[in-house]
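A short write-up of the structure that comes next.
The values are calculated or read from the model by the stated rules, or taken from the named source; none is laboratory data. Because the structure is a prediction, the values reported are computed rather than measured. Note that each Cβ is placed from the backbone with ideal geometry, even for glycine, and that neighbours are counted across all protein chains shown.
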C-alpha cells in the first residue's frame, strides 16, 4: 500500500521533526519536572491519543478530497508544501519567543492524561501540520489515499510515543538546569527551520505524482 522509498523518507523525516524540541516536548518536560517520570509518560500518552483524532480527521478529509477531485488533492498538497516552507522561514528568521519551563501545579495521573488529550485535540496547529506533512509522502497511484494517510499518521504517533517518552525519562534524570540549556539553545531553531524549508521546497519542486 505504501511506497518503500517514500515510507523510509517519511520515517527519517518524522524522527528528525520529533527529536527537535517543540511544544509537545516542552509540555512533557514541564510535567516531568513537576511530578516525575510517571506524570511525564502519562502526559505523553494523552498527547498521542489526542493526535490520533487529527490523524483520523486528516485521513477522512484528504480521502474525500481525492474522491471529489485529483486536482483538488494536488492543490492541497501544494498548499501543504507552501506551508512547510513558511514554517521553515518563520522558524529560521522569526523572533523566537521566550520558553517558559516553569513547572505546572501537580495533578492526578488521570487529570494529566485528560489534559494531554485536550491540549492535543484543541491545538489547530497539529491539524494543519498533519494536513501539510502527511500528503507529501502519499502516492495516489497506489490507491486508498485515506488508508495511506491513516497508516502514516499511526506510524508518526508511534514514533512520537517513543521520542516524547525518551524526553520524559531524560528530563527526569537531568532535572531543571541541564534541560533548560538543552531546549533553549539555538540549534533546535536552525535544524527545524532547515528541515521544514527543505521538505517544502522538495515537495514543491518534485511536482505532481501520478
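When residue 56 is tested against the conditions (1) surrounded by fewer than 17 Cβ atoms within 10 Å (Cβ to Cβ); (2) modelled with pLDDT under 75; (3) within 19 Å of residue 121 (Cβ to Cβ), the lone failure is (2).
Given the residues 87, 67, which is the only one that is modelled with pLDDT under 70, loosely packed, with under 13 Cβ neighbours inside 10 Å and part of a helix (DSSP H, G or I)?
The match here is 67.
Just one of the listed residues (159, 131, 154) is in contact with a helix residue (DSSP H, G or I) (Cβ under 6 Å, 6 or more places away or on another chain) and modelled with pLDDT of 90 or more, and it is 159. When the criteria are applied in full, residue 6 fails the requirement of being crowded, with 22+ Cβ neighbours inside 10 Å, assigned to a helix (DSSP H, G or I) and at pLDDT 80 or above. Across segment 11-53, the qualifying residues are those that are in a loop (DSSP other than H, G, I, E, B) and either modelled with pLDDT of 90 or more or on the phi < 0 side of the Ramachandran plot (or both), and the one among them that is surrounded by the most Cβ atoms within 10 Å (Cβ to Cβ) is 21.
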